[in-house]
Every structure is written in C-alpha cells, then in structure tokens.
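The values are calculated or read from the model by the stated rules, or taken from the named source; none is laboratory data. Nothing here was measured: the structure is a model prediction, and the numbers come from that model. Cβ coordinates were reconstructed from backbone atoms using ideal geometry, including for glycine residues, and neighbour counts include every protein chain displayed.
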Amino acid sequence: MRRTSIIIITLLIGVLLIPLLQPTYAKAPEVLFSDAWFGEIDKRMEVAPGDHGVQLVVRLVNAWNKTFRYAEGILYLPEGFTDSVTGDSATRPYTVQSPKAGSYFYLKFLVDIGENVQIGEYMAKLWLKYVFWDEENVKNAYIYIKFRVTGRSELKLSMSPEEINVDEAKDIILKIENTGSARASSMILRINSMTNGLAIISGQGTHIVGDLEPGEFKEIPLKVLAESFLADKLGSIRVSMTYLDSYGQMVEDERILSIKISPLGGIGVVLDTYSKNSILKPSKITDLTIVIANRGTKVAKSVDVSISLPESAYPPITLVSGAMASKIGDLKPGEERELKLKVFVNQLAAGKSFTIPISLSYADDEGRHVVKRFVTITVVEESKRKRLSIYCDEYVRGGLIEEIEVKIKNIAGEDLRDLTLTLTPEVNWVTLLGPTTWHIDSIKNGEERTLKLKMYVPSETSAGSTIGEPFNLRVDVSFEDSAGLVRNEVHELGMYVKGIIDVKLQEISLERLGKDLFLVGRLLNEGTETASYTRVMIIGGDLTSSAVSYLGDLNPNAPLLFNIPIEHIVPSNYRSWMGKSNVSCYVVLNVTYMDSLRNRGSTILKAYVKMPTVEAEAQQSSQLIGVREISIIVVISIVVIVSAVYLLRRRAKAGETA
C-alpha cells in the first residue's frame, strides 16, 4: 500500500513539473503568422532585386484570449536581404502596442533587397516577445514567416515615326513594351489627342491589350492628321493605362507622348485654316467658327471657301444655320477671315475626333489654284454628372406609416421638360402607399420640386428586426433636355429604419430594508428599439439621492427593475409624515439612454409614491420579535422533554440492573 502511494505521488509531481520544465516559446502557436508583403498595411507594392528602403509588413494573429500590453519583434532575414539602416541580417526591433485578443496586429521592417536576389518566395525567422495586459512576465516565441519578391512591371511607350507632315493622314505605330520583371495583367489602354488640331482619325479610344509578360511588347496602329497651323510645332497624345499588378491590385498610369509636325515651307500664297472652338460637347447646338488665314508673302485674290461636313447615317455634326460655301474676297499676307456656323453635335459622336475637309480656291499672278485643308473637331465624352439632384429624408421609423419628402432639384444648367419619376424600394419589406410614379411638366434651371409619399416599414419581419437596417429607394427618371433629347437617370436614395424608444414607468414604490429606504420601480420600453446604456437617477421632488441605477439594455416589452437608495427626505414633509399612513411623496426621475446610432436621449418621469409609516414598521418588527420568541420557547420545550425522557429511561434501566 505504501509503495502504491509513493508511485501515485511521484506521478502527480511529474505532471506538475513537466509544463514548468518546457521552454517559454513552446506556446508559439498561440501567436500565428498570417501573411507578409512589401508596401503598406492597406496597399501592397511590387518590389524587384536591387530595391532599397522598402517596407516589409508582417501580419500576425493574437490567438490568445488576452490582450497584449505590447509585442516586439526582430526579423532574421535570409541571405541577400539586410536592414536598411544597420545593414545587418537582423532588423531593428519593432514594437506594437495593445494587440487585442483574437485580432490581427502588424510589424513593419525597412529592408534592402540585394542585386543577386531571385524573384520568388523566401522564409525568415521572427523572434517575438510579448506581455499580457494583466501580467508582468515576458513571453517569447519564434515564428517562421514567408514573403515574396514579386518583381516589378515597367512599361515603356514609344511612337514611330516621330514626325509627320501637316494636312496629311499619316500611319504611326504606338508600341508598348514591358521592360520590367513582373507581368502586367488585363491591360487596357485609352488613347486620345491632347492638342487642338491633331486628330486621331483611326485608333482613338479604348484598346484591350491583355497580359504583357516581361520583355513582351504590343503594337497599336494609329492614323493621325495635323492641321496646317500646327506646322513646326509639337503635338501631344495621351495614353491612359490600367492593369493588374502581381498582387491583383488595379494600377492606373498615364503617359504623354509627343509628335513633331514638320514646317510648311515655301513662299508666295500659303492659305491655312483652323477652328476657334475645335472641342465640342455632345447633344448640344453650338457655334463653330472656322478661320481662313494667309500665312504667305503674297495676296490671295478672289478666295472661295467650300466646307464639307462629315456624312454618314448618323452624322456627328449637322448644320443648323450658316453657309457651307462662301466668297471672302482677297486675303493679304497675315490677314484672317472668319466663317461662323451653328451646328448640332450628335450624342453618338462623344469621345471621337473628326476632320472637316475645306476646299480653298484663289488666284495669284500664275493663275487659279485649289488647295485642300482640314479642320479637326473633337467631341468630348458626355459628362457623367447627373442633371438632377434627388434626395430625401434620412430615415423612416419602423412600425409606423410615415410621410417622407423626396426633393428634385434641376442642376443641369438648362430647363428640362416632361419629367417622369418612378420610385421603387429595393427590399421587399418596404412598402410605398399610394402612387409610385409622378409626372412633372417642366422644371427650370435651379428650381426644386417636392414629392410627398407615404411609406410603411415593419419593425420586424420573418428574418428578424429591421431596426437599424439600411435600404435603398431607387428613382428612375426620364426627361427631355433643351436639345430635344430624351435622357434617363437612375438615382439611389439611401435610408435606414429608425426605432422608437418610449420609456414608461410601470410601477414604483418606497421600500424600507432595515434602517435604509429604497425607491424601487420597474421601467417598460413601449417602443421598437432597444435603449442602450440605460441609467435612472432622481433629479427632483421630495426625495434626494446621488446614486445612479445602471440598467444596461432596456429591450422593448421587457420590463427592468431598478432601485435607488434614498439619502435625504425633505425635512418639513418628513415631520408631517411621522405617524401618518397613506401619505405620498413626489419624485422626478431622469432616464438616460443611447439609441442604435449612439445618439443620446432622455425621458423625464414623474410619480407619487407612498411613504411607509414608522408605526407600521415598529408593529411589524414587534410581530417578528414575538414569533422569534415563540420559536425559541418551542425549541427549548422540546429539548427539555427529550432530556427528561432520556433520564427516566436511564434510571429505569439502572433499577432493573440493581
């Protein structure tokens, strides 16, 4: 038996000592590695061999159920990587304060990447020490982390040829090449001219390039035309690029490419044309002014002008008023004449460029001549700005039929006609009562109209409470602008369901516990929303107390009991209450709370409560004392009887024995 006891005791001691003999870093799995990347916490960055001073972000998880006071880490880097400041393979320590239990926390290290480092994954060892918030002991852990050198995509753009002649449609090649070390994925280019008079006749707009591997290139053919007034100048072409980097993040870049326009050359009569307003807006009737100038050294006699607008099934520009052919007489060297036209710009021409051929005939000492010139017109993309501003109330109260106002304001810069609006809730538990489609004959620029409608939102559905839930009200609008075009707009109006907090006093009384007096009551929330952080305090009346009764959440239709110790009673009233029954005192309560949006609210409750009399308390006390005395007497009597019976039996046995 003794041997068995010794064995059991030894085993118990071993079980207790084994955890103490283990090293402290045996609990490393409680701090877990999540991910690591170069860049910032909210943005990852491509890096390549030879980069200096790049930030490596290490994301860890505090898997303990306790918050750390702090955590400090030192990263031991693999070969080819060094700390940007010290040049060592071990980085300087980085400390983060208060990583919460079950949440991510981040360590940051500045790193240099060697020239000989290859693109790929690498592993480093992180030494981490941390202290729990409520402890003093420092714990250590070694954690292996993985990070990746992605390489970097570097895009080079060029054009050939780099010089073109005026008034001549020229084919050029736009070349885009990836000279970096990482792939650029899903690339999209958008090409347009930045110079008035330089038109991209073919190739303007969006081009889907796709993936571009390192060392790979793509060529995009363009056809451009420069007007004569750009002679001996530089034109600019803008190339906007979007692509995905190695992390799948969207990258946006923009490049400006220059192209040289050759000089005109020659002497004598040199007729030139250009437009004063070569950039037009779609769906508008606008003025188009064309200028004819003599850039030469001799007089151009009897100049005739003939303008040809582009022709197609849906012409980009249509003449509204003005002459397409005109005789402007003689033009001296350096002199200019203007031709004014009023044109309508088609909506389908948005985002495109067009050339308007102009035929010029003139006479000089050598006879009659005819030359052709071109004017470039660029139609900008239609603004995405909406022409109407529509807004409404921020919330609707759940469980009630509410009237809301939807306001429509004209911000188009012009009068609009024949407006039709249709409102549709985007969730099935919102109901609009009455008409959902309205018509407005016209609305002037800057004018505001108001629509009133009724809406019902239940406070609860089969899926649960709707209080605090957001929803959208969709507004489909169609109208006619000043050009006679019918336009459509879609607006999303965001709203949320607000609850009702209605705190009532269900019952209240004064209770005496010993010598202490307590105000005891029950609060009821007759609304639809929980009143959070609910507190009750006495702010007036015949009773005073500095105590606050904290109730927490006061849910709808779920009464909560409160009690407040009474510190003082108004002396004059208290003396009059002595010895009297059915006397009431007045009390004013302030109930404070917060709603679901953390807005503070309060309710003032007033009531009369009956004051318990001193005689009743004394009588109750005397009754309690009498019962206690009777109980003691009964117990003593039972003890005496039992003792007497025991003694009698003992004597009887003693007599028989004798």
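So that you can scan it fast, the table gives a plain yes or no per residue for (1) in the same structural domain as Gly399 (by TED's automatic domain parsing); (2) at pLDDT 90 or above; (3) closer than 18 Å to Gly398 by Cα:
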residue: Pro425; (1), (2), (3): yes, yes, yes
residue: Ala463; (1), (2), (3): yes, no, yes
residue: Val475; (1), (2), (3): yes, yes, no
residue: His491; (1), (2), (3): yes, yes, no
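Can you name the residue in region 256-286 that is of a type in the set (Ser, Thr, Tyr) and surrounded by fewer than 19 Cβ atoms within 10 Å (Cβ to Cβ) and is also farthest from Asn346 (Cα to Cα) among such residues? Show your work before the answer.
Residues of region 256-286 that are of a type in the set (Ser, Thr, Tyr), as a first pass: 258, 262, 273-275, 278, 283, 286.
Next cut, surrounded by fewer than 19 Cβ atoms within 10 Å (Cβ to Cβ) only: 258, 262, 286.
Working: Ser258: 30, Ser262: 33, Thr286: 11 Å.
Checked region 256-286; the qualifying residue farthest from Asn346 (Cα to Cα) is Ser262.
Going by the conditions given, is Val427 surrounded by 13 or more Cβ atoms within 10 Å (Cβ to Cβ) and closer than 27 Å to Ser602 by Cβ?
no
Can you tell me how many residues in region 180-211 are under 18 Å from Phe374 (Cβ atoms) and free of Cβ contacts under 8 Å to residues at least 24 places away in the same chain?
Going through region 180-211 one residue at a time, the tally reaches 1.
Within region 287-314, can you find the residues that are buried (at least 16 other Cβ atoms within 10 Å of the Cβ) and in contact with a helix residue (DSSP H, G or I) (Cβ under 9 Å, 6 or more places away or on another chain)?
Ala293, Arg295
Of Thr286, Thr297, Thr318, which residue is assigned to a loop (DSSP other than H, G, I, E, B), out of contact with any Ser or Thr (no Cβ under 6 Å at 6 or more places or on another chain) and touching a residue at least 24 places away in the same chain (Cβ under 8 Å)? Break it down into steps so the answer makes sense when it comes.
Numbers: Thr286 fails: assigned to a loop (DSSP other than H, G, I, E, B); Thr318 fails: assigned to a loop (DSSP other than H, G, I, E, B).
Result: Thr297 is the single residue among Thr286, Thr297, Thr318 that is assigned to a loop (DSSP other than H, G, I, E, B), out of contact with any Ser or Thr (no Cβ under 6 Å at 6 or more places or on another chain) and touching a residue at least 24 places away in the same chain (Cβ under 8 Å).
Step by step: first the residues of region 340-389, then only those that are among the small types (Gly, Ala, Ser) and surrounded by fewer than 19 Cβ atoms within 10 Å (Cβ to Cβ), then the one that is nearest to Arg487 (Cα to Cα). Which residue is that?
The initial filter retains those residues of region 340-389 that are among the small types (Gly, Ala, Ser), namely 349-351, 353, 359, 361, 363, 367, 383, 389.
With surrounded by fewer than 19 Cβ atoms within 10 Å (Cβ to Cβ) added as a condition, the list becomes 350-351, 359, 361, 363, 367, 383, 389.
Working: Ala350: 15, Gly351: 18, Ser359: 38, Ser361: 44, Ala363: 50, Gly367: 54, Ser383: 13, Ser389: 15 Å.
Checking each candidate, the answer is Ser383.
Of everything in region 61-80, what is touching an Asp or Glu at 6+ places or on another chain (Cβ under 7 Å) and crowded, with 19+ Cβ neighbours inside 10 Å? Give them in sequence order.
Of everything in region 61-80, nothing turns out to be touching an Asp or Glu at 6+ places or on another chain (Cβ under 7 Å) and crowded, with 19+ Cβ neighbours inside 10 Å.
Just to be sure before I move on: is Ala226 among the aliphatic types (A, V, I, L, M), more than 30 Å from Gly50 (Cβ to Cβ) and either surrounded by fewer than 16 Cβ atoms within 10 Å (Cβ to Cβ) or not assigned by TED's automatic domain parsing to the domain that holds Pro310 (or both) in the structure I sent? Write out each step before concluding.
Details: among the aliphatic types (A, V, I, L, M): yes; more than 30 Å from Gly50 (Cβ to Cβ): yes; either surrounded by fewer than 16 Cβ atoms within 10 Å (Cβ to Cβ) or not assigned by TED's automatic domain parsing to the domain that holds Pro310 (or both): yes.
For Ala226, the condition - among the aliphatic types (A, V, I, L, M), more than 30 Å from Gly50 (Cβ to Cβ) and either surrounded by fewer than 16 Cβ atoms within 10 Å (Cβ to Cβ) or not assigned by TED's automatic domain parsing to the domain that holds Pro310 (or both) - is met.
Taking region 18-44, which residues are farther than 14 Å from Tyr142 by Cβ, modelled with pLDDT of 50 or more and outside any loop (DSSP other than H, G, I, E, B)?
If the condition is that a residue be farther than 14 Å from Tyr142 by Cβ, modelled with pLDDT of 50 or more and outside any loop (DSSP other than H, G, I, E, B), then Ile18, Ser34, Asp35, Ala36, Trp37, Phe38, Gly39, Arg44 are the ones that fit.
With the requirement that a residue be surrounded by 13 or more Cβ atoms within 10 Å (Cβ to Cβ), among the polar types (S, T, N, Q) and not in a loop (DSSP other than H, G, I, E, B), what does region 430-463 give you?
Selection gives Ser442, Thr461.
Can you spot a residue in region 212-225 that is in contact (Cβ under 8 Å) with a residue 12 or more places away in the chain and in contact with a His (Cβ under 7 Å, 6 or more places away or on another chain)?
Yes; the residues of region 212-225 include at least one that is in contact (Cβ under 8 Å) with a residue 12 or more places away in the chain and in contact with a His (Cβ under 7 Å, 6 or more places away or on another chain).
Please find, within region 138-157, the residue that is farthest from Pro214 (Cα to Cα) out of those that are out of contact with any Asp or Glu (no Cβ under 8 Å at 6 or more places or on another chain) and surrounded by fewer than 16 Cβ atoms within 10 Å (Cβ to Cβ).
Val138
Return the total of residues in region 464-484 being in contact with a Ser or Thr (Cβ under 8 Å, 6 or more places away or on another chain) and surrounded by fewer than 13 Cβ atoms within 10 Å (Cβ to Cβ). So that I can check it myself, show each step before the final result.
So in region 464-484, the residues in contact with a Ser or Thr (Cβ under 8 Å, 6 or more places away or on another chain) come out as 465-468, 473-479, 481, 483.
Those still in the list that are surrounded by fewer than 13 Cβ atoms within 10 Å (Cβ to Cβ) too: none.
The total comes to 0.
Going through region 478-492 one residue at a time, which ones are polar (S, T, N, Q) and part of a strand (DSSP E or B)? If you could, list the steps in order and put the result at the bottom.
At the first step, the residues of region 478-492 found to be polar (S, T, N, Q) are 478, 482, 488.
Within region 478-492, Ser478, Asn488 qualify.
Looking for whichever is β-branched (Val, Ile, Thr), within 43 Å of the chain's Cα centre (by Cα), surrounded by fewer than 21 Cβ atoms within 10 Å (Cβ to Cβ) and modelled with pLDDT of 90 or more here; the options are Val548, Val536, Val520. Which one fits? Even if it seems obvious, please write down each step before you answer.
Numbers: Val536 fails: surrounded by fewer than 21 Cβ atoms within 10 Å (Cβ to Cβ); Val520 fails: within 43 Å of the chain's Cα centre (by Cα).
One residue alone meets the criteria, Val548.
I'd like to verify a number: residues in region 150-178 that are in contact (Cβ under 8 Å) with a residue 40 or more places away in the chain and under 46 Å from the mean Cα position of the chain (by Cα), how many? It would help to see each step written out before you state the result.
Step one: of region 150-178, the residues in contact (Cβ under 8 Å) with a residue 40 or more places away in the chain are 150-153, 155, 157-159, 162-177.
Adding the requirement that they be under 46 Å from the mean Cα position of the chain (by Cα) leaves 150-153, 155, 157-159, 162, 171-177.
Counting residues in region 150-178 that are in contact (Cβ under 8 Å) with a residue 40 or more places away in the chain and under 46 Å from the mean Cα position of the chain (by Cα) gives 16.
For region 493-572, list the strands (runs of 3 or more DSSP E) that sit wholly inside it and hold at least 3 residues that are of a type in the set (D, E, K, R); which are they?
Numbers: elements: 503-513, 516-525, 531-541, 548-554, 560-565.
Strands (runs of 3 or more DSSP E) meeting the threshold: 503-513.
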